[in-house]
Each structure stands twice: as C-alpha cells, then as structure tokens.
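Peer 1: Sending over a structure as structure tokens; questions will come in a sec.
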2 protein chains.
Amino acid sequence: MRALWSDMVNAKTPDGDRRLRMDDVAELAGVSQMTVSRALRTPEKVAPETRARIEAAMAQLDYVPDLVAGSLAARRSGLIAAVVSTFENAIFAPTIAGLTEAAEAAGFTILLGSSGYSETDEERLLRAILGRRPDGVMLTDAFHTPRARRLLAAAGVPIVETWDLPAEPVDMVVGFSNVDAGRAMTLALHGFGYRRIAFVAPSSERDRRGLKRLDGYRRAMDDLGAPRREIRLHGPVATLEEGAAALVALLDQHPEADAVACSVDTLAAGALFEARRRGIDVPGRLGIAGFGDFALAQPAGLDMTTMRIAGRNIGAEAGAMLVKRIAGETPEQAVFDIGYEVVRRSSA
Amino acid sequence: MRALWSDMVNAKTPDGDRRLRMDDVAELAGVSQMTVSRALRTPEKVAPETRARIEAAMAQLDYVPDLVAGSLAARRSGLIAAVVSTFENAIFAPTIAGLTEAAEAAGFTILLGSSGYSETDEERLLRAILGRRPDGVMLTDAFHTPRARRLLAAAGVPIVETWDLPAEPVDMVVGFSNVDAGRAMTLALHGFGYRRIAFVAPSSERDRRGLKRLDGYRRAMDDLGAPRREIRLHGPVATLEEGAAALVALLDQHPEADAVACSVDTLAAGALFEARRRGIDVPGRLGIAGFGDFALAQPAGLDMTTMRIAGRNIGAEAGAMLVKRIAGETPEQAVFDIGYEVVRRSSA
DNA sequence: GTGCGACATGTTTGCGCAATCATCGTCATC
DNA sequence: GATGACGATGATTGCGCAAACATGTCGCAC
C-alpha cells in the first residue's frame, strides 16, 4: 500500500467517452456556454423559457458541473475546511456536525483534515488543506509550528479557532476560557462540600486546553488556601485506561482526597469505572467530576458530574461566522465566548 | 443567515496583494514554472542542485501550490469523498477515521458529505460531491433515487459501498451480510438458552440494514420453529428513547419474551436503561442484545452483549481499495466481507 | 571526432469554467 | 420617431497548473 498520489499521475482512466461540459448542455439547449453558467449561478438573470430549456438539457444529460474548474475561474472554492487532531477526540463529532449544518445550508462543502499528533504531519496537512483554497477554515486544535501559523495567516481566508480563547488568536474564535472553566469546576466541587480536591491532568504540552483547566484548578485551590493534589497522565492521549490508572495513582499518592476533577470526561469515565471495580463509594468516599459532558457517558448511566460545553453550538457558530465573513460582512464580534455550565449529577 | 454561496460571488477580498504562483517561485529560483512543478511532483527528475534552489525559494516565499488549478490540469483531484447520512450515526466516526488514515497516507484528502434523510438533499449533496471530481467515493449510506445511482455510476470513479453487502452493488463493497448477522445473533441467543426471543427493528424503509437484520431474525426463528415477536420503532431514527419505548412495548405486547435483540446498539442501550429504571432483572428475567458494539456502551459499564463489527477496518479497507483502484490496479476482490462476531457480555 | 542516447530543462497548450465587456433587441419617454 | 435605459445573451479571455512535446547538453562508444 505504498501507492502514492504522485505514482498515479499516469494512470489512465479506462472509459474513453469524454466527460460532459457546459458546452454540451449549451448546444443541446441552443444557447451559449455562458448562459448555461448563468442559469446555474444566477438563474434570475436568465429568461424563464431559456432557463427551462437549459434545465431540461441538464436533466436529460445528467450533467454535473465541474466545481474544480469553477473554483479556479471564480477564485472561490465553496469549501470550508475543518481540521481536527484525531477522530478519537470526542470534541470532533458534534462540532463537525454543527459546522456541517451551517456550511451546507449556505452551499459550502466540508473538507476534512486530521493532523495527527506529529508536527511534521501538521505542515503536510496544512498544505493539503490550504492548497485546496478553502474559503474558510475551522480549527479544533491549533497548529503549533511557527511556519504553520504563518501559512494560515497568509492564506488570506477567514479562520476560526474553537474550544478555547487563545491569547493571540490567528483570526476569529468560538470557545470559552478553559482556565475559568477549570477554576469554576473546582469551586463548584468546593461548593458541594468537598475540601480535599484533586485534579487529573495531561502531561503532554500538546493538550493545551487540559493544561489550562489544570491552571484554573490551581488558581482556585490557591484562592481557597487549599493544597494542590495533582495526578498527571503518562501517555499523550486521554483514554479510559489513563483515567483508571489516574484513580489508582490518586488512591496511592493522595489517599486523603475526597474529590477529583478530571481534565476531560474520558478520564473521569475511566476513573469511575475503576472506582466501581474497586468498590469505592462514589460520591460518598470520593466525588468524581469530568469535563465536556460528552455523549458517551450520560445516556450510558455513568451519571457523571461534569462541565457542559455546547460542542455542537461551537461548530454551528463557527460555521455562521465563517459564512458571514466569506460573504464580506464583519461579524459583530471576532471572539465568541460560548461559556460553560456545571452539570451536577450523582458522581460528585 | 440566508447568505448563500451564490450571493457572495462578487464579494471582494480585502487584501490587494496577489497570491503566489509557481512563476514567482520559478523566478526566484531561476528556473521555469514547469521545473518547479516537476520538483513538486517528480523530484527525482530534477537535478539535485536545481531542486535545492527551488525548495529554498518555496520555503522563503511560504509557497503553497494551488491544488485546484493542479486538479483541473491533471484531471485528478486527489480527493476521496466520504458520504454519510448523519453524524449522529455511530457508524460514522470509526469508519471515517479508518478511511482518513488510509487516504491521507496515500496523499489524498477527505471531502465530507452528509446527506441528511431527505431525498431532495440527496441529489444536492451528490452534485456538491461529484462536482469536486473526487478520485473515489466511499458511501456509508446508499443513495436511494434512481437518478442518484445513475449519477454515481456515470461519475466514472471507483465507489465503495460499506456496512452491507448489497445485492446489486454500484461498484465495490466492504461490508458484511446484515441478514446473516441478524440470523447469527438470534441463533446465538438461542444457544445461550433463550427460547422466546423478540426483535426490535426500525420501521423506516431508509434503514435497510436494520430491516435486513430483522429479516435474519425471522429466518432464524422460522428455522427454529419459534413464533416471531417483533417490535417496530415509531420514528425514523434509532435513538435511546426509541429503545426505551421499545422495551415498554415489548413488556406490553410480548410479556412472555425472555430475550430481545435490537437492530442496533443504541436501541439496546435505551432498552437496558429502561429495564434498570423498572428494576427488571437483566439478563435473568430478560436478555438484551445489541448490534454494532459501538463505543458508547462498553466504557460506561453497560456491558452489553452485542454483534461486533470492525467499523474502523471497514473504513481502512475501503480506503485501501479505493487507493488501489485509483492507481489503476484491480483489487483481488470487489466485494470484501469483513464479517461479524457475537460478543457475549453480561446483558444476555 | 562523430553520433547517439540519456538526462535536464524549457515552450506551448488546454483543462472547464466565470469575469468582463460587447452586442442586440425592446420598451417607455419626451 | 429619436433616445436612452435596461434586460437578455454572446464572445473573449484568463484562472494556475500539468501534459505533451521540443530543445539543449553532456558523456561515451567506436
């Protein structure tokens, strides 16, 4: 499977019959190619009878306009790119769903990119994406290399970063303050009566959002005058297994802790699961809180106290802002704070 | 938000500076545009020193080649389209992840389309997708109108249908027999000792796969000489709520049933929750089985007996087959049966 | 030294469409 | 009835690149 794109340049298509062009439609309808183009893009500028003839011709031929050629000529692609780091990330689905809905309603198509976790992949992906000349770009994970940021900025298209409020946004933002949210969860746990609150956070620098939530936890604990109890992950990715391991580490290193907040639901679910296996009373002996209110946990009965983020709205709002900017308008605000909400269930 | 693509045709870009072309790189490197093109696509055909100059020039300018123009000239887009009905469908994430991995490794980019559930959307989507001239198409939900099938066939690109083995495939297939799998699950429940087995199935004709599983159930029950006990959904989409409602209907209409298989995990999860709420002993009083082994249930402790389908492999295999065909090769088999596997856990 | 082939690079052309400008009525106005 | 405004359509051109072909240059065999 080392077949690369470049190796295929000379592959012949078996079918000899030429693909249909606008000229074919035009000839059948008895008009010029330009009029067919107009009938498609600005139908109100074509006389009704002419338009009817053209539409009949297109239907008869099953003509599908070549949007590649159209994009080149019009210098707009009708594409909105969505870039995520991985599909394992639960952020992904609802946010992409919201974006897709908004984008498709305005006639755009989604170009999907996953950057993986390596920095070399990052630039490859970015070239693959920006080379398609998308009219807008939504990022759920920021790019890290300076060159990547430069390329993004130089692309000259609207960009929305999401799921955070970066200090120096590339362009627009739809997100929330992860620091504030981490702080809010910690204070909420305190409000529930917990006094020896711990936090499970990533160790990877790449999970900047998780680290920001940790930062919020630290500030809250400092404000409360309480000592910090931190458990850091081993691996780069927050998994259920990492969550289970974190619970074990917590019981070992901070046995006195009476509550633990996790930087993301996945970890909290793993911790809850491990607590069940060990017969630990949740929330009696230990309160457990997650972050994100991802779909997997709640309907499945984990009934987890967590921080709800309106992921689908983030995508929808990002899409709306992009569409607006592509249309030449200026959104009222370049930074949209979507907020967060502590959802108390039975785990803490 | 009724800004449509066509309304934006005349929107001006604010920045006046022209975008970089290959000519700019060529000039800086002291070569012709064609040599730059070669350096990008077939670097081995360019002398090492020349290549170095060109690469330096590209790096200096932060040049990103225009793949739209390239696609038009080369008559290959480097795009692989993935079409799903909705993002709510649990099929989606792992299959797309597998596809993306295979496609990106071979230098392709993913074009994403969601068809929604309406037939009018179908054709709009198909035009939006096929108009981009993808080099291959993966479908997780087949198109239903005759015209849609005609357009697909006429596109002249490799197509993979997935998650089923259709009787009349458009082109290639990566999937499994939903009839056999439904039958296998029923027989497995029988093997577990259940004798009065019911089945929860969709009512919508659009969920052909669910209906095929129902068909498999029927065949199994007929073979066993056992009477059928069927519960059909009300709505078009299989949700947790539908699953809960189905359990209620089952208790009402077939109180003697000792096991129930659901056409999809989502329904089974809903049924399991409802059973918990009602204090019904699972699996003692009633065995419950799902279908799909979707990520939602297991980590949350539902511990559901289900039919495992390797969704990620489906995507990966589909991607591999597409890449192969795009390269001009012929895969050994146009139909790849990925199989299924009964996973017995504690719910049945 | 001549010829020939392999390699490196350049020139020309066209992919299919949309922007732009030109053209040709038609109709209301005075 | 001449004038201009406007609506409908057509002709030309170029978007940025890659295919196809042309040219140049070198080395090596005889």
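Peer 1: Within 25 Å of the chain's Cα centre (by Cα), open to solvent by less than 70 Å² (accessible area, probe 1.4 Å) and modelled with pLDDT of 95 or more: which single residue out of B:D207, B:D215 fits that description?
Peer 2: B:D215
Peer 1: Looking only at the stretch A:301-320, which residues are in contact (Cβ under 8 Å) with a residue 40 or more places away in the chain, more than 20 Å from the chain's Cα centre (by Cα) and within 11 Å of another protein chain (Cβ to nearest Cβ)?
Peer 2: A:L302, A:D303, A:M304
Peer 1: Yes or no: A:G339 under 23 Å from A:I231 (Cβ atoms), at pLDDT 95 or above and either in the same structural domain as A:L99 (by TED's automatic domain parsing) or of a type outside the set (D, E, K, R) (or both)?
Peer 2: No.
Peer 1: Right, another one. Please tell me if A:A198 is assigned to a helix (DSSP H, G or I) and buried (at least 16 other Cβ atoms within 10 Å of the Cβ).
Peer 2: no
Peer 1: If you don't mind, another one. Might you check whether a residue that is of a type in the set (A, V, I, L, M) and out of contact with any strand residue (DSSP E or B) (no Cβ under 7 Å at 6 or more places or on another chain) occurs anywhere in the stretch B:283-296?
Peer 2: Yes.
Peer 1: Within the stretch B:243-264, can one find any residue that is of a type in the set (S, T, Y) and at pLDDT below 95?
Peer 2: No.
Peer 1: While we're here: In this structure, does A:M34 turn out to be within 11 Å of DNA strand C (Cβ to nearest atom), without any contact (Cβ under 8 Å) to a residue 12 or more places away in the chain and either open to solvent by 10 Å² or more (accessible area, probe 1.4 Å) or among the charged types (D, E, K, R) (or both)?
Peer 2: yes
Peer 1: Quick test for you: out of A:V83, A:V46, A:V36, A:V64, pick the one residue that is more than 14 Å from DNA strand D (Cβ to nearest atom) and more than 10 Å from chain B (Cβ to nearest Cβ).
Peer 2: On inspection, the qualifying residue turns out to be A:V83.
Peer 1: Could you please let me know if A:F143 is in a loop (DSSP other than H, G, I, E, B), on the phi < 0 side of the Ramachandran plot and touching a Pro at 6+ places or on another chain (Cβ under 8 Å)?
Peer 2: no
Peer 1: Filter the stretch A:99-120 down to the residues that are more than 8 Å from every other protein chain (Cβ to nearest Cβ), modelled with pLDDT of 85 or more and surrounded by fewer than 23 Cβ atoms within 10 Å (Cβ to Cβ) and list them by number.
Peer 2: A:E101
The rows are residues; the columns are (1) basic (K, R); (2) within 14 Å of chain B (Cβ to nearest Cβ); (3) in a loop (DSSP other than H, G, I, E, B).
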| residue | (1), (2), (3) |
| --- | --- |
| A:A238 | no, yes, yes |
| A:A249 | no, no, no |
| A:E256 | no, no, yes |
| A:A269 | no, yes, no |
| A:V282 | no, yes, yes |
| A:A295 | no, yes, yes |
| A:L322 | no, yes, no |
| A:V342 | no, no, no |
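The values are calculated or read from the model by the stated rules, or taken from the named source; none is laboratory data. No experiment lies behind these values; they were computed from the predicted model shown. Here Cβ is always computed from backbone atoms with ideal geometry, including for glycine, and neighbour counts include all displayed protein chains. All accessible areas refer to the heavy atoms of the entire protein, side chains included, with ligands and DNA or RNA removed. Shrake-Rupley method; radii C 1.70, N 1.55, O 1.52, S 1.80 Å.
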